[in-house]
Every structure is written in structure tokens, then in C-alpha cells.
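What follows draws every value from the coordinates through simple rules; no lab data is involved. Given the structure is predicted, the values throughout are model-derived calculations rather than measurements.
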């Protein structure tokens, strides 16, 4: 039975496919348990749940939240950006809806500040600066949550860079503005108060927001979790498209030793389409109380 609890949509996040296309593809790939975990948004959950029912899939509500986290033994206590996943929450919870609405509003403010910084760099290069017209044009390309990838893609269309990676390398990393500040404790209270479970996402992802920013040692990562995170987490995403087998095994064993839930998913943004390619075991969904038929 194929399981994927980490997929992003075009409708409410930074995926490349719409919800109807995602579920049609998931059906073709014979995915039976699914969760759309869009960034800082639960606006698509009702539609996703309905589509899952149409295709005879089991659905678990999902969301991915970005948090700021620091540990006194690393980086002199300076914070890093991490991701957490909320599952099985009440999608109609008012506090959760309002907080995520505030975070989406901040995304536009953040985009404005990023463009201001990019303009400083463009001025040094004696290139034409971005205007309010450009900001509106970028917004028109946004189907889900406004983020740096949308700015990068617009820079490609304007001929400023050859591709998205060059946009990040030349401008967007240097001109970054912090995301809406959310601590692990705040994220935990938000999800748990809504009846959900909170997971640390892709903890050893070498290319993403993960504990690798603090240390590449799995043993040290586990110590960090035990020292500073256990009280706020219900589980950890062990199976992930950018986790190697050693990482998956180490985190699965760690979760067992700490009585933590174990989850998994592809983290598919549909470029390329990798949903359903991570071998997530059946025990993952059984933790959520689902009784599945083979």
C-alpha cells in the first residue's frame, strides 16, 4: 500500500500541480493514504479531503510550518530555520486559521522587503529596478503561498538570470528577509490545541531546512531533539525523499526509543513528480488510528 503524507499543491503552496491533478496522478500511482502539507496554509484541506474521498483514498489533514530554532551549543546560539509538519488537526479551528492568515499576510510584506534588497544589488549593477508593477506581476503568478521561488521565476522571465538556482545564488540568498517568526513551542501549541500532532520534518535533509544547519552528526541531532525539542513534538518524519537509508534507520530507531510517532512522505513539489516513491511503511498511518484495508 502506497502512502505519502508530504505533498505540496499549486493551489495553496509552492507546488507545480493543482489539487485535481495531484489526486489524479496519486490515483494512477495507486497511493492509498495521502496528505497535502502546504506551507503555512490549510485553505486547501477541505478540497483535498473531498478529492481523496472521490478517489477512495484515506486522507490525513496536513500543514508544513516554518519555525525559528536555536540551541546554545551550536552557532553561538544563533537561530536556524526548521520545518515541522502538523497532522490530523481540525481544519476549522479558529486560532489555527487566524494564525496562518497572519503568516500569509506577512509573506507579501516579506516579498516587498526582499525586492527592496534586490533593487540595491541591481542599482550597483546599473540594471533596471523592480517597481510596484513588477510586484503585482509576481503576485499574479502566485497560486498558493507567496515565497522566494515566485520571485526567482519572475527574474528568469525578465532575463535577469538563466534559471531559478542562479536567482537564489546571485540575489535571493543574499537578499533574504526572515520568515514570520514562529517558535517550536508556538507551533506545538497551535497544532495540538487544534487536536493535531506535530512532527519534525526531514531532520537530516542536506538541501533543506533541517538540523543539518546545526550539525551533520545524527547522534548530535538526536541529542538536540532530546535536550530541546521532545516536549513539543509528537513524532519525526523518518522517511523522506532526501533521507538516505542510514538516516531513516537511525531516526526510526530513535523514535522507537523515545516513544515518538514516525511519519514519512516524498515532499513532492511536482518538479519532478516523485509522489509515492518513498517506501513509507503501513505502521505510519496506523499510528493515526486509521484501520486500513489492504
Task: Shape category assigned to region 230-294 from the gyration tensor of Cα positions, a/c cut at 1.5 - done: oblate
Open item on the list: Quick check: the angle from helix 45-54's long axis to the longest principal axis of the chain, C-alpha only, nearest 10 degrees?
Closed with: 50
TODO: Enter the per residue convex hull volume of region 110-172, computed from alpha-carbon coordinates, in Å³ rounded to the nearest integer.
DONE: 76
- [ ] Take every DSSP beta bridge whose two residues both sit in the chain, then give the antiparallel share in percent to the nearest 5.
- [x] 45
TODO: Rank 255, 175, 238 by mean-square fluctuation in a GNM of the chain with C-alpha springs under 10 angstrom and give only the top-ranked residue.
DONE: 175
Task: Helix 19-28 vs. the chain, principal-axis angle (Cα, 0 to 90°, nearest 10) - done: 50
TODO: State the Cα centre-to-centre distance between region 251-285 and region 75-124 in whole Å.
DONE: 25
Open item on the list: Taking the Cα centroid of region 44-60 and of region 143-218, what is the distance between the two, rounded to the nearest whole Å?
Closed with: 26
Task: Folded to 0 to 90 degrees: helix 148-157 orientation relative to the chain principal axis, Cα - done: 50
Task: Rg [Å, one decimal], Dmax [Å, integer] - the chain, C-alpha atoms - done: 19.2, 63
